[in-house]
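For reference, the structure is listed below as structure tokens.
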Amino acid sequence: MKTEEIYRLLDAFYNGETTVEEEQRLLDYFSSKEISGELLEEKEVFLRMYQAEDIEVPVGLESKLENLIDNLAKEEGPKVETKPQPARKRLVLWIGSAAATIAILVSVTFYLNNKPEISNPPIAQGQNLSEADMQTLKEAQDALILLSSNFNKGMEQLGVVSSNLDKTNEILNKTLNRTNDKES
């Protein structure tokens, strides 16, 4: 088989576009001893996909990858690439922002001018409540505090996960860009 055809089949294989017959042709080719030197790495990768053995993950790999991600993120620094927006899009965004601001100001003004007077709030400091009402109020406050605490913990964890995903995506994009640059 020609090297160009092997590369074409490999590209289709990695994109999930090969048929069973094409995959068998690749497997037959890589199982043979007549492989060009430039395809030896591809042979190793391709044949490992068909091995039945479990892959052992080295101890400490996760911490090493986290350190690598952190170091690469520090090296790159914050890069913000912004594309210039067309004038029409900027105008639409500006008008939308102005309209939203005006709507908020009108709503707040209307609310403050028409705010109902509450003479007896449901729970005032000096109001006499029964023991059962006080207990119910205390339980409701405790439940709300617990809910708020758990919600804040969950939000903190989402922030950590989000930052790790961002770092991973940056590294993957960097690696893919290097691969694309080598192919070009």
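Within the shell defined by Cβ-Cβ distances under 11 Å, the residues around Y29 carry a net charge of -2, with Lys and Arg each +1 and Asp and Glu each -1.
Residue separation of L112 and D11 scaled by 0.36 nm, minus their Cα-Cα distance, works out to 29.8 nm of gained length.
Shown is the FRET efficiency for K174 and K2, computed with R0 = 41 Å from the Cβ-Cβ distance and rounded to the nearest 0.05: 0.80. Let's test the formula: R0 of 35 Å, r as the Cβ-Cβ distance of V59 and F151. What FRET efficiency results, to the nearest 0.05? Step by step, r from the Cβ atoms, then E = 0.50. Listed by chain and number, the lysines whose C-alpha is less than 20 Å from the C-alpha of K43, apart from same-chain residues fewer than 8 away, are K2, K33, K182.
A simple count of charges around A12, restricted to other residues whose Cβ falls under 10 Å of its Cβ and scoring Lys, Arg +1 and Asp, Glu -1, yields -3. Between Q141 and K89, the contour length at 0.36 nm per residue exceeds the Cα-Cα span by 14.0 nm.
Cross-link partners of K138 among lysines, defined as those whose alpha carbon lies under 27 angstrom from its own and excluding same-chain residues fewer than eight positions apart: K153. Please list, in order, the residues from region 164-184 whose amide nitrogen is less than 17 Å from a point placed 7 Å along the Cα→Cβ vector of S36. Answer for region 164-184: 183-184.
Taken together, the values in this text are just the output of simple stated rules run on the coordinates, not laboratory data. Predicted model only: the values in this text are computed from it and were never measured. Here the Cβ is made from the backbone with ideal geometry for all residues, glycine too, and neighbour counts use every protein chain on show.
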